[in-house]
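Reading through the structure tokens given below for one structure.
The values are calculated or read from the model by the stated rules, or taken from the named source; none is laboratory data. Please read all numbers here as calculations on a predicted model, not as lab measurements. Every residue, glycine as well, gets a Cβ built from its backbone with ideal geometry; the counts of neighbours run over all protein chains shown. With ligands, DNA and RNA removed, areas are computed over all heavy atoms of the protein, side chains included. Shrake-Rupley method; radii C 1.70, N 1.55, O 1.52, S 1.80 Å.
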Amino acid sequence: MTGAVHGGDRRANAYDALVMPVVQTATYTFGRTEDLVSFMEGKVERVDYGRYGNPTVRALEQRIAFLEGAQDAAAFASGMAALVTTILSLVKAGTHVVLTDDCYRRTRRFVTRFLTRFGVQHTVVPGDDLGAIEAAFRPETRLMIGELPTNPFLKVMDLPAVGSLCRSRGIKLLVDSTFATPINLQPLRHGADLVVHSATKYLSGHNDVLCGVIAGDESLVSLVREARHDMGGVLDPHAAFLVLRGLKTVALRVRQQNASAQALATWLEQHPHVRRVWYPGLASHPDHARAERIMSGFGGVVTFETAGDETATTHMVDACRIPRIAPSLGGVESLIEQPALMSYFDVDPSERELLGIRGTLVRYAVGVEDVEDLRADLERALAAVFGQRSG
Ligand SMILES: *Cc1c(COP(=O)(O)O)cnc(C)c1O
């Protein structure tokens with residue numbers, strides 16, 4: 001994808017460098033006080049201090065805007081810094097937020113526990129229930145937060161329908177598209193007002209940097225950027241360089257991750273030691289038709305339940321040699337985890353059961369290794385615990 005390499009480039013780099021250099025500086029100088037005064041009067045466009053801007057970070061923001069088909073974008077120190085700064089710039093005491101029940105746990109916690117302390121109300125709704133979403137809207141609702149595909153069941157909400165519900169009421173729709181990537185989905189084209197990514201995942205793609213980005217209309221993004229100037233969750237220039245570098249191969253990586261995940265999901269679904277598989281690219285996924293309508297690929301995460309119990313599932317995970325046990329996803333290295341023992345560890349077992357997070361559930365975040373190696377590794381791990389398949 002050409003845009004992942006060149007999109008958003010505005011001008012020649014310093015020293016005619018092909019690659020955007022890391023402009024590692026905390027502040028910027030003025031030759032004379034007169035120049036400072038012209039800047040303060042708004043007569044020249046430039047940057048004066050590192051919290052307000054950086055050329056390497058700006059290059060990243062322009063590339064993200066291009067990839068999302070957005071007017072503008074802003075980068076942050078992490079996905080959560082992007083989410084929190086964006087949410088805080090769109091609400092005030094007395095306003096109401098609607099969010100989906102399976103969105104990122106920390107987003108949910110921030111809205112349900114933190115914002116409540118400042119008089120911002122919320123309603124949590126199932127993302128696949130349009131009636132419930134519509135019923136949750138109040139006159140004071142300003143913001144709806146959705147996510148797709150979700151973790152770990154990879155649900156895909158009806159983005160165009162939710163978008164038009166929001167638009168008709170003047171509610172801003174913020175979509176966390178971390179699992180989709182702009183290669184598979186551009187939420188702004190389907191009714192979202194703002195798209196947010198944990199660029200820690202697919203966009204940077206190498207499990208070596210934390211970063212968050214948002215993209216949308218210039219007016220909304222500048223509102224959020226202004227809030228970032230106050231809150232200070234800025235991205236370090238070297239981190240921006242790493243994300244820009246990773247982005248150049250995002251299309252190559254994600255296309256391979258799509259293909260490998262689809263192949264693994266299809267294979268797992270036929271496996272006698274696997275009870276159930278969730279992957280939006282499978283016809284058996286409840287949201288398959290919806291996903292097909294708006295997505296051009298279904299991502300690199302496959303979720304499945306083994307046919308054993310929690311202990312057997314743990315043995316299977318431990319028997320895998322290629323995917324490492326770790327949180328996160330989207331990098332070149334495959335990662336594996338049992339959600340019950342990772343992101344849902346501190347949720348009490350009865351609530352976990354209600355959410356469908358069983359001990360037998362496994363989340364496999366596919367990297368860019370050869371899919372045949374990944375499949376053989378899983379086959380061996382399943383056989384080591386459950387025995388060779390019969391027949
Ligand atoms: C990881 C993640 C986040 C948080 O991003 P950080 O970069 O870890 O702060 C938010 N949303 C989703 C869907 C994520 O996977």
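Miscellaneous remarks
- In the range 102-134, the qualifying residues are those that are in contact with an Asp or Glu (Cβ under 8 Å, 6 or more places away or on another chain) and in a strand (DSSP E or B), and the one that is surrounded by the most Cβ atoms within 10 Å (Cβ to Cβ) is Val125.
- Scanning the range 69-96 for residues that are away from the ligand (no atom under 16 Å from the Cβ) and of a type in the set (A, V, I, L, M) yields Ala70, Leu90, Val91, Ala93.
- Flag if Leu99 is of a type in the set (A, V, I, L, M, F, W, C), assigned to a strand (DSSP E or B) and either modelled with pLDDT under 95 or within 16 Å of the ligand (Cβ to nearest atom) (or both): yes
- Boolean, Arg117 is within 11 Å of the ligand (Cβ to nearest atom) and either aliphatic (A, V, I, L, M) or farther than 24 Å from Pro237 by Cβ (or both): no
- Pro160 buried (at least 23 other Cβ atoms within 10 Å of the Cβ) and either touching a residue at least 40 places away in the same chain (Cβ under 8 Å) or under 19 Å from Gly297 (Cα atoms) (or both): no
- Hey, Gly146 under 26 Å from Arg363 (Cα atoms) and within 13 Å of the ligand (Cβ to nearest atom) or not: yes
- Count - residues of the range 257-292 that are surrounded by fewer than 19 Cβ atoms within 10 Å (Cβ to Cβ), in a helix (DSSP H, G or I) and in contact (Cβ under 8 Å) with a residue 40 or more places away in the chain: 3
- Residue within the range 200-216 that is touching a residue at least 40 places away in the same chain (Cβ under 8 Å) and more than 16 Å from the ligand (Cβ to nearest atom) present: yes
- Residues within the range 201-254 that are over 12 Å from the mean Cα position of the chain (by Cα) and part of a strand (DSSP E or B), tallied: 2
- Within the range 58-69, residues that are over 10 Å from Leu244 (Cα atoms) sit with their Cβ atoms under 7 Å from residues that are assigned to a helix (DSSP H, G or I) and open to solvent by less than 30 Å² (accessible area, probe 1.4 Å), at 6+ positions apart or across chains, in these pairs: Phe66/Gly3; Leu67/Gly3; Leu67/Ala4; Leu67/Pro182; Glu68/Pro182.
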